[in-house]
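**Student:** Have a look at this one before I ask anything.
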Amino acid sequence: MEEKFALFFLFFTEVYVGCNPSPLEDVVIDRYYVPRVCPREVQTGDFVRYHYNGSFTDGKKFDSSLERGRPFVGQVGLGRLITGIDRGIQGMCVNERRKVTVPPHLAYGSLGVGSVIPPDAVLVYDLVLLDIWNTEDKVQTFTLKKPQACKRTVMNTDFVRYHYNGTLLDGTPFDSSYKKNQTYDAYVGQGELIKGMDEGLLGMCVGEMRTIIIPPFLAYGEAGYGTDVPPQASLMFDVLLVDLFNPKDDIVVDNQEVPVSCARKSVVGDFIRYHYNGTFQDGTLFDSSYLRNETYNTYIGMGYVIAGMDKALLGVCIGEKRRDIIPSSAVLIFNIHVIDFHNPTDQVEIKVTHKPEECNLTTEANDLIKYRYNCSLLDGTLLFTSDTLDKPQETVLGANRVIEGLDTGLQDMCKGERRQVIVPPHLAHGENGGSGVPGSAVLLFELELLDLQKGVPEGYNFVWLQDLPEQIFQSMDMNSDGEVPLEEFSAFIKIQVAEGKGRLRPGQDPDVIIKDMFTNQDQNTDGKITAEELTVKAETHDEL
């Protein structure tokens, strides 16, 4: 509820009209609106900016700053205003409204002003005070909110980003970064801001809110600013500092979690996969790989990412977590989790975790093997395991039945041997990944060889393990009739395998393989092989 009351200053001043002294009235002040908060009152020497309507006692208006659309600006108590206003404005607060009745001798006296103010006129001014300032004023700052942790404050030459609401001293808004939906960004102390703002921002922390009151001579002065800021206007800014950095700043790494085991650290040219949350200094999230449910994948040290990130990702370990603060026009904070990295020149890494005491027979190309495996990403995420299968995994080495890196990792193993095998993506599923495997993922295999059957070379169905019989056709022709049908041929081959003299291709039906061998020898397709049809390859231990 507005507080209304009237103050009457009754002074008796001796003036001389002719030769007879008589007491004269002082100004009459009616304070019909006084703000509840009044941090400052008008004093002699202050500059003031106010609107007024001037009228005579009969209500006739003779002047109005409101109608001109421009408030009056003047200095109080130094004779630059009529004496009645000089007295009537003393003690006013910004936004206070007064009616000041000025007797003639404190206005324009017996002379008046031309045809506007008649002689001996009592003047009534309806005033609203908009602004107070003094040449001795300095920038005032009031902290509204300050974060508990404040590692650094604004200094000259810093680059700052801040939000603000700007008002005149009477509360009239003239500008707002919030309405533009973007921060105001500038260097401090480099002439990019008004002087008062340069001073008012000093010492602020990121996340701090403060009110900054700037006198006109440290703002836009006599010129004002366009139609929004009038001449000689004090400005009040409510500021929220969003972030700051200095061009001399380097990246800052903190909250670092490095794995106990770190076989190697990333270098220029590595291809890295990592998760991240990216925020501004005020905590606003601007990007996140987690929200996309996929890692960010890139080469490092080669300009594929911003310079600060390129630098931040050098020298990291697989599995490392870290917080990187990267200076830029907007300071960026990345919380990073390194999933894996590799180099295009990397080969398969093999670590034997268990090897049997006896290891006379090892795997090689064309062998049929049975093995157990777990396949994971380097962050420990399990992708596949043979433990979910009804029987052990089976494959023929060197037959392109598994990814190249796994094939390499399974070579030269003993039955019962266990290994950890790290396969880079170019020897696994590549940039595009595979079913259940992310693109460019380094894979970790835990392997155990359960069984192996020695194989035969590519393109062969059968090989001799000993010298061929001297009379091979006669050995096949069991009834000595000069012809070898499929039954005799099959019986002969199976005897050689059973006695360890030869080996069939493993992993396939022996009868199917033998029939294929027989068909190759039965050149005239009459269902039997003759001595003339039988062909033996030149190499001693090769197929028929």
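**Student:** I'd like to compare 115-122, 69-76, 212-219, 466-473: which one has the highest average count of other Cβ atoms within 10 Å, and what's the full order after that?
**Tutor:** In decreasing order of mean packing, 115-122, 69-76, 212-219, 466-473 become 212-219, 69-76, 115-122, 466-473.
**Student:** Roughly how much of Val316 is accessible, in Å² to the nearest 10, using a 1.4 Å probe?
**Tutor:** So the heavy atoms of Val316 present about 0 Å² to solvent.
**Student:** Provide the solvent-accessible area of His354, counting protein heavy atoms only and rolling a 1.4 Å probe, rounded to the nearest 10 Å².
**Tutor:** 70 Å²
**Student:** Ok, one more. Sorted by packing (mean other beta-carbon atoms within 10 Å per residue), highest first, where do 527-533, 484-490 land?
**Tutor:** Highest mean packing first, the order is 484-490, 527-533.
**Student:** At a 10 angstrom cut-off on C-beta neighbours, averaged per residue, how do the peptides 239-246, 143-150, 450-457 rank from highest to lowest?
**Tutor:** Final packing ranking: 239-246, 450-457, 143-150.
**Student:** Where the centre of each part is set by its Cα atoms, how far does the range 479-533 sit from the range 227-280, in angstrom?
**Tutor:** 76 Å
**Student:** Whole angstrom only: what separates the Cα centroid of the range 74-128 from the Cα centroid of the range 412-431?
**Tutor:** Spelled out, the Cα-based centre of one part sits 96 Å from the other.
**Student:** Between rounded, prolate and oblate, where does the range 301-384 land on the alpha carbon gyration tensor, with a ≥ b ≥ c its root eigenvalues, rounded for a/c under 1.5, else prolate if a/b exceeds b/c?
**Tutor:** Prolate.
**Student:** Taking θ as phi - 60°, what are the ³J(HN,Hα) couplings along the range 215-231 by the Karplus curve (6.51, -1.76, 1.60), each to the nearest whole Hz, with x for Gly and Pro?
**Tutor:** Per residue, the Karplus-derived 3J(HN,Hα) values read x, x, 6, 10, 10, 10, x, 5, 7, x, 9, x, 9, 8, 10, x, x Hz.
**Student:** Would you mind checking the pairs Lys391/Lys528; Lys99/Lys180; Lys248/Lys321; Lys321/Lys415 and listing those with alpha carbons more than 30 angstrom apart?
**Tutor:** Going by Cα-Cα distance, Lys391/Lys528; Lys99/Lys180; Lys321/Lys415 fall outside the 30 Å limit.
**Student:** Per-residue HN-Hα couplings for the range 519-526, Karplus 6.51 cos²θ - 1.76 cosθ + 1.60 at θ = phi - 60°, whole Hz, x for Gly and Pro?
**Tutor:** Computed from phi, the couplings for the range 519-526 are 4, 5, 8, 7, 5, 9, 6, 9 Hz.
**Student:** Do the sum for the chain: with -39,500 (n - 2.57) for every DSSP H run of n ≥ 4, divided by all residues, what is the mean residue ellipticity at 222 nm, to the nearest 500 deg cm²/dmol?
**Tutor:** So the calculated ellipticity at 222 nm is -3000 deg cm²/dmol.
**Student:** Something else now. Could you do me a favour and compute the accessible area per residue for the range 409-543, 1.4 Å probe, result in Å²?
**Tutor:** Value returned for the range 409-543: 50 Å² of accessible area per residue.
**Student:** Given the protein chains as shown and a 1.4 Å probe, how many square angstrom of Phe56 are accessible, to the nearest 10?
**Tutor:** Taking all protein chains as shown, Phe56 has close to 30 Å².
The values are calculated or read from the model by the stated rules, or taken from the named source; none is laboratory data. Just so you know, these numbers come straight off a predicted model, no measurement behind them. FYI the Cβ positions are ideal-geometry reconstructions off the backbone, even for glycines, and counts take in every protein chain you see. Heavy atoms of the whole protein, side chains included, go into the accessibility calculation; ligands, DNA and RNA do not. Shrake-Rupley method; radii C 1.70, N 1.55, O 1.52, S 1.80 Å.
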